[in-house]
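The values are calculated or read from the model by the stated rules, or taken from the named source; none is laboratory data. None of the values given here were measured: they were computed from a predicted structure. Glycine also receives a Cβ, built like all others from the backbone with ideal geometry; neighbour counts cover every protein chain displayed. Each accessible area value is taken on the protein alone, full model and side chains, heavy atoms only, with ligands, DNA and RNA left out. Shrake-Rupley method; radii C 1.70, N 1.55, O 1.52, S 1.80 Å.
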Amino acid sequence: MIYFIGAGPGAPDLITLRGAELLRRAGMIVYAGSLVNPALLDYAPQGCEVYDSALMTLDEVMEKLLDGERRGLTTVRLHTGDPSLYGAIREQMDRLRAEGVEFSVVPGVSSFCAAAAAIPAEYTLPGVSQTLIISRMEGRTPVPAREGIRSLAAHGASMVLFLSSAMLKELASELIAGGYPPETPAALVYKASWPDERVLRGPLASIPAMAEEAGISKTALVLVGGFLGDEYDLSRLYDASFSHGCRRASQ
Ligand code: SAH
């Protein structure tokens, strides 16, 4: 059995109990060294084989995983955050399926959750937005035309942008061109949950200059939307005059 495990955003105690338990009995770990905190490898037992996939191709990663599996090792593929977001796990899962190898996926705390905690903020505020859009600027990986930042921005929803902190000027101008006023509250969260985490907050139009001054151009998320502001409605769930499945209205 091969396990794809979400390592969480960085802090070693933000992996799930299931993920940590599997690392404790791993015989081989192939981890995404560019982003996974190496401190997570401390969960691994002595003698566990550890490989950094940052320098490997897909073929090489698959070769390692299949080799671990053939030798009967508990084999772990460790991805940053949650593997379902920009994790490139589909291609690995499909190869394993083609080889008839069983695998299981253990979810993780994505960095967009750790970024909200760092602020701290709630993405889905009543009266502000009930939608979170997760996307990215186009890089070497193309983004389908109908998902351009500008058209997503037109919703005015809460947004989190991955993989875009090296393109902040373009990002901010696309977001503004799409309809966010330049003064929309925004934040840049660098290395959420790591010891050197940094949170920069300001109006959307100022984020690129703030990032440049702070020297941040990678491992960061851009958060934008009214949810970072001060206005919102109270929730209905905890409203004293509102009944629901678990509680009767008190007034
Ligand atoms: N699967 C991961 C995302 C991988 S893509 C997840 O769920 O978080 C890599 C991008 O994620 C980085 O370029 C950066 O935009 C973001 N990222 C990953 N870890 C981060 C962290 N601790 N703080 C801020 N951004 C992070």
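Mean projected area of the convex hull spanned by the Cα atoms of the stretch 53-177, taken over all viewing directions: 10.1 nm².
As a ratio to 2.2 N^0.38 Å, the alpha-carbon radius of gyration computed for the stretch 2-106 takes the value 0.95. Positive end of the dipole of the chain (Cβ unit charges, origin at the Cα centre): among Trp194, Ser34, Ser129, the Cα lying farthest that way belongs to Ser129. Its relative contact order, with pairs defined as Cα atoms under 8 Å and 6+ residues apart, puts the stretch 111-228 at 31 percent.
Looking at the stretch 74-149, the GluC sites (Glu not before Pro) that sit in a DSSP loop and have at most 11 other Cβ atoms within 10 Å of their own Cβ are Glu102. Here the accessible area is traced with a 1.4 Å probe on the protein chains. For the stretch 111-228, carbon and sulfur cover 54 percent of it. Normalised by the number of residues in the chain, the mean separation of alpha-carbon contacts (under 8 Å, six or more apart) gives a relative contact order of 19 percent.
Of Asp82, Asp67, Asp233, the order by accessible heavy-atom surface (1.4 Å probe, DNA, RNA and ligands excluded), from most exposed downward, is Asp233, Asp67, Asp82. Of the whole protein surface, Thr57 contributes about 80 Å² of accessible area at a 1.4 Å probe radius. Among the trypsin sites (Lys or Arg not before Pro) in the stretch 138-181, those placed in a DSSP loop whose Cβ has at most 12 other Cβ atoms within 10 Å are Arg140.
The value for the chain of Rg(Cα) / (2.2 N^0.38 Å) is 1.15. Considered as an equivalent ellipsoid built on the Cα gyration tensor, the stretch 145-243 has semi-axes of 26, 18, 12 Å, the largest given first. Ranking of Lys191, Lys218, Lys64 by solvent-accessible surface, largest first: Lys218, Lys64, Lys191 (1.4 Å probe, protein heavy atoms only, all chains present). Show which lysines lie in cross-link reach of Lys218 when reach means a straight Cα distance below 23 angstrom and same-chain residues fewer than eight apart are skipped. Result set, ordered by chain and number: Lys169, Lys191.
Computed with a 1.4 Å probe on the full set of protein chains, the accessible area for Arg136 sits at about 40 Å². Counting only protein heavy atoms and a probe of 1.4 Å, the accessible surface of the stretch 1-60 is 53% carbon and sulfur.
Longest segment of the chain with no chymotrypsin sites (Phe, Trp or Tyr not before Pro) in a DSSP loop having at most 16 other Cβ atoms within 10 Å? Before the final figure, lay out each step's value.
Details: sites that count: Tyr232, Tyr238, Phe242.
By the stated rule (loop sites, at most 16 other Cβ atoms within 10 Å), 1-231.
The charge dipole of the chain, taken about its Cα centre with unit charges on the Cβ of Lys, Arg, Asp and Glu (plus for the first two, minus for the last two), comes to roughly 420 debye.
A 1.4 Å probe over all protein chains sorts His244, His79 by accessible area into His244, His79, starting with the largest.
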